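The values are calculated or read from the model by the stated rules, or taken from the named source; none is laboratory data. As the structure is a computational prediction, the values presented were derived from the model and not from experiment. Don't worry about glycine lacking a Cβ; one is built from the backbone with ideal geometry, like all the others, and counts go over all protein chains shown.
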Amino acid sequence: MEMLEVQQLVEQEQFALAAEHLSRLTPDEQAELLENLSDNQAADVFKFMDTAYQEHAVRRLSQRRVLRLVESLDPDDRVRLLEQMPATLARRLLTGISPTERRMTSELLGYPRESAGRYMTPEFLPLAPTQTVRDALAQIREKGRTAETVYVLPVVDDEGHFLGVVHLRELVMSEPDTEVMDLIDPGIEPIPATEDRERAARLIQSTDTLAAPVVDAQGRLLGLVTVDDAMDILDREGEEDLARAGGAEPLNRPYFSVSVLRLAGARVVWLLALAVTAVLTVNVLKVFEETLETVVTLALFIPLLIDTGGNSGAQSATTLVRAMSVGEVEPSDFFRILLREAIVGILLGSMLAAISMIPVWLFAGKKIAYVVALTLVVICGWASAVGAAVPLAARRIGIDPAVASAPFITTLIDATGLIFYFLIARAILF
């Protein structure tokens with residue numbers, strides 16, 4: 001039934017929707033359907049498929065069909081596919097496509113894996129600064145089909161140095177004799193080819209442009225990062241942050257394209273790390289065992305305090321990871337953020353202490369109420385500060401801030417929060 005729906009969508013030229021439905025089929029069914037489509041239909045569906053499903057298809061289709069499909073991809077999309085494959089298979093596919101496509105693909109593969117250079121398209125239409133609008137539009141009509149986008153057109157000098165970009169709208173709306181140089185958008189800055197992909201994508205997002213130029217160290221234009229690739233980058237980065245915030249390694253593939261063994265492998269390392277960290281909590285309880293035996297009532301409030309502290313720290317960490325990912329804060333703001341989050345935590349702890357004071361007093365007595373209330377203030381302030389400090393410190397030393405995940409922060413706060421609790425209890429009760 002699903003295969004029939006995909007075929008109907010292909011006939012209606014709804015290729016993106018067909019690719020979405022195709023992902024629900026088994027790999028063998030996907031390959032069978034692609035093999036039965038015409039070359040053009042298969043290529044139109046293939047380019048909308050996720051890289052993981054493209055890889056499955058490449059391993060099952062005939063050699064002729066595989067080479068046609070791989071050649072039909074844009075160079076940057078082809079790189080996404082090849083970098084997921086074993087080196088021997090990737091080399092075999094590269095040698096099977098045309099020399100022009102092979103050259104462009106090899107150039108992109110030469111850049112670092114998560115750099116802007118890997119995500120740019122080398123298929124662009126450059127304009128000369130002295131061209132008139134009339135000549136530029138004629139050039140677009142003649143050669144525009146060879147470029148991935150004509151909505152943003154780079155302007156270069158005779159040696160290929162980047163001078164700026166012109167938007168197609170400006171060309172269409174300007175007088176025919178106006179020079180291209182007069183229409184350059186001053187708000188678009190070039191991106192170094194070695195720039196981190198996320199920063200490049202954020203730049204495109206912040207400038208509301210449809211493409212950003214990528215240049216080499218000498219300022220020569222190499223290609224464009226288009227807005228669709230920028231959105232893919234941000235989606236992938238968001239998925240990685242979300243996975244690590246939940247205490248797992250990112251899959252970077254659709255859920256059903258991943259084996260059960262790989263799903264377990266993505267989670268087990270973090271579970272082991274958190275289990276080791278949790279030993280700290282056990283050791284803290286052992287150290288203060290005598291205090292617990294003297295005032296057994298203290299044990300009743302341990303879940304309340306460590307959960308509150310853990311949640312407070314996780315909230316702070318999540319807020320800071322998000323703020324860093326969109327460029328709102330930098331590691332240089334460390335002490336300012338630390339003070340700010342500590343104050344927020346103290347305010348939250350004071351509110352919770354005020355709310356819990358009377359119930360705890362009625363249930364366990366005045367002194368225990370003082371212990372719980374004071375601990376809530378201290379632990380919330382401490383947890384918020386730690387939750388902010390860990391991702392900031394991670395960024396400063398070059399580690400992904402999302403590694404400072406909520407489960408890690410929560411486990412850390414559990415142990416340190418108990419220390420505060422028992423020290424406060426000893427000071428007030430004994």
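Structure summary
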quantity	calculated
Region 75-104, residues that are in a loop (DSSP other than H, G, I, E, B), surrounded by 15 or more Cβ atoms within 10 Å (Cβ to Cβ) and under 22 Å from the mean Cα position of the chain (by Cα)	GLN84, MET85
Tally of residues being surrounded by 13 or more Cβ atoms within 10 Å (Cβ to Cβ) and either under 17 Å from LEU73 (Cα atoms) or under 32 Å from the mean Cα position of the chain (by Cα) (or both) across region 3-15	5
Test: residue in region 350-370 that is among the hydrophobic types (A, V, I, L, M, F, W, C), within 28 Å of the chain's Cα centre (by Cα) and either at pLDDT 90 or above or crowded, with 20+ Cβ neighbours inside 10 Å (or both)	no
Cβ pairs under 6 Å, 6+ apart, first in region 177-205 and farther than 22 Å from LEU108 by Cα, second at pLDDT below 90 and assigned to a loop (DSSP other than H, G, I, E, B)	ILE188/THR209
Residue, farthest from the chain's Cα centre (by Cα), within region 38-61, restricted to residues that are crowded, with 19+ Cβ neighbours inside 10 Å and assigned to a loop (DSSP other than H, G, I, E, B)	LEU61
Criterion: modelled with pLDDT under 80, outside the structural domain of ALA201 (by TED's automatic domain parsing) and closer than 30 Å to ARG197 by Cβ - qualifying residue of VAL268, VAL295, VAL329	VAL268
Residue among ALA394, ALA388 that alone is among the small types (Gly, Ala, Ser) and modelled with pLDDT of 85 or more	ALA388
Options ARG118, ARG64, ARG113: the member that is in a helix (DSSP H, G or I), basic (Lys, Arg) and surrounded by fewer than 18 Cβ atoms within 10 Å (Cβ to Cβ)	ARG64
From the options ARG426, ARG395, residue that is part of a helix (DSSP H, G or I), among the basic types (Lys, Arg) and under 24 Å from the mean Cα position of the chain (by Cα)	ARG395
Flag for ALA248 being at pLDDT below 85 and in contact with a Lys or Arg (Cβ under 6 Å, 6 or more places away or on another chain)	yes
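One line per residue, one yes/no per condition, for (1) free of Cβ contacts under 8 Å to residues at least 12 places away in the same chain; (2) assigned to a helix (DSSP H, G or I); (3) in contact with a Phe, Trp or Tyr (Cβ under 6 Å, 6 or more places away or on another chain):
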| position | (1), (2), (3) |
| --- | --- |
| PRO303 | yes, yes, no |
| GLY327 | no, no, no |
| GLY345 | no, yes, no |
| GLY349 | no, yes, no |
| LEU352 | no, yes, no |
| VAL360 | no, yes, no |
| ALA383 | no, yes, no |
| GLY387 | no, yes, no |
